[in-house]
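Worksheet: one structure, shown below.
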Amino acid sequence: MPSIMEVVNIEPSQKTPKVFFDKEQGVMEIEGRSIPENSTEFYKPIYDWLDGYIDDPNPNTEFKFNLAYFNTSSSKCILDILRKLEKLMENGQTVKVIWCYEEDDEDMMEAGEDYQRIVKVPIELMKVDSI
């Protein structure tokens, strides 16, 4: 399991997003396209890091999703991440999720709205120029 003191910096590929988590700076971001061959395998180190973070969180947590596209298996992994953030809130921490989408991308906007309905974590929908 990666230590939460370690910065997670996974470079993007054609099928996987850039992942950058830095506890010290309070930055957690997933950006790009998420269509990995094996979503569970790709997201496992992210889950492990978040599990450690839940045990020793910052007072305020902000998590940014800046995805241009994700497949069905990634949508489940995103939900699992949001459930972990929900657990942080249940433990009394302040959690904010920012869901970015391009202005003309109704599918990504609706995905953010769907997650708003599913989880108790506050999700702010944010229009961006490009992802």
Residue satisfying all of: in segment 72-104; touching a Pro at 6+ places or on another chain (Cβ under 8 Å) and of a type outside the set (Ser, Thr, Tyr); nearest to Lys44 (Cα to Cα) among these: Leu88
Output for segment 88-101, where each listed residue is surrounded by fewer than 21 Cβ atoms within 10 Å (Cβ to Cβ) and modelled with pLDDT of 95 or more: Ile98
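Being surrounded by 15 or more Cβ atoms within 10 Å (Cβ to Cβ) and more than 21 Å from Glu110 (Cα to Cα): is that true of Pro57 here?
Values: surrounded by 15 or more Cβ atoms within 10 Å (Cβ to Cβ): yes; more than 21 Å from Glu110 (Cα to Cα): yes.
Yes; evaluated as a whole, the condition is true for this residue.
This table checks each residue for (1) at positive phi; (2) part of a helix (DSSP H, G or I); (3) of a type in the set (A, V, I, L, M, F, W, C).
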site	(1), (2), (3)
Ser13	no, no, no
Phe20	no, no, yes
Glu24	no, no, no
Glu31	no, no, no
Phe42	no, yes, yes
Ile46	no, yes, yes
Asp51	no, yes, no
Leu67	no, no, yes
Members of segment 74-126 that are β-branched (Val, Ile, Thr) and part of a loop (DSSP other than H, G, I, E, B): Val119, Val121
Subset of segment 1-38 that is of a type in the set (S, T, N, Q) and farther than 25 Å from Glu90 by Cβ - its residue that is surrounded by the most Cβ atoms within 10 Å (Cβ to Cβ): Ser34
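The values are calculated or read from the model by the stated rules, or taken from the named source; none is laboratory data. It should be emphasised that the depicted structure is a prediction, and the values quoted were computed from it without experimental measurement. All Cβ positions, even for glycine, are placed from backbone atoms using ideal geometry, and neighbour counts span all protein chains on display.
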